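Just so it is clear, none of the values below were taken in a lab; they were calculated from the coordinates. Owing to the predicted nature of the structure, the values given are computational and were not obtained by experimental measurement. Cβ coordinates were reconstructed from backbone atoms using ideal geometry, including for glycine residues, and neighbour counts include every protein chain displayed.
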Amino acid sequence: MTMKTITKIISLSAMTLALASCSDLGSNPMHSAERSRNLDNPKVTGETYAQQVCSTCHGLNGQSINPTFPNLAHQTKEYIATELHELKDETRLDPKAQQFMWGVARNLTDKQINELADYYSKQPAPVNTNYADPKLAAEGKKIWQEGNLSQGVPACSGCHGENAEGAANIPRLAGQHKNYLYKQLMVFNDDYELVNDHKDIQSNLELPGTQENGQPWRAGNNGAVMELMAHGLNDEQKEAVANYLQTVR
């Protein structure tokens, strides 16, 4: 799906919701005025933006139905704000971010970003009922709690928390879609291999994890750390961790 298609879907969804709100202007004027406001207006609240735009992919209240898109419900406020700023500034350069989120985040104000982060952080934690392979989940739990020390990977729980609850700028992963988690681990892994395959440009970089043109896929120290962690897990182990996290409540 192209960025043009995504933008069209989001625009149509927002338009549909705005038109629908006109039907109840008499019953709840304050609410209806908020819903029918032009979404390009910087005065639109983060909550309104979440319900009329973000919900298209991330679901109502941030609980995504499509495993391609991450759950945002109960995510840490600091992490969401950081990610949105990186997306707005176009410093998060992995292909999916460019495809789905650059255009969405481009016009967000700092106030809207803060309100979006606050809104999602206060939503109930998702309970993921999608199938997770029991054998893989058991292996993933062991890696989560003990790491893969032979490959230099410490316990994931050391940063993300025993129950994957996250903290501050470290994301909550409990109940996240296994498909999304696995793909993100592969992004981190690919970043590591890119920078090590291009050591001729590495000395000119501030962060590991780069594209062919020398720019990092993901900004920030957390991304650099995760590249090392992901590289220390083989594909089955990555899948195992993803399956386990989907089961965590």
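Using the Cβ-Cβ distance between residue 151 and residue 89 with R0 set to 25 Å, the FRET efficiency from 1/(1 + (r/R0)^6) comes to roughly 0.15. Averaging the Cα positions of each part gives two centres, and for the stretch 68-92 and the stretch 129-193 these lie 18 Å apart. Scalar couplings 3J(HN,Hα) for the stretch 145-154, obtained by applying the Karplus form with A = 6.51, B = -1.76, C = 1.60 to θ = phi - 60°, are 7, 10, x, 10, 4, 5, 10, x, 9, x Hz; x denotes Gly and Pro. Annotation: amide H of residue 153 within the under-5 Å range of 148, sequence separation 5 or more or interchain, hydrogens built in the peptide plane. Pairs from the table (77/238; 77/142; 122/238; 43/178; 88/178) lying more than 31 angstrom apart at Cα are 43/178. Fully extending the segment from residue 106 to residue 118, taken as 0.36 nm per residue of separation minus the present Cα-Cα distance, adds 2.4 nm.
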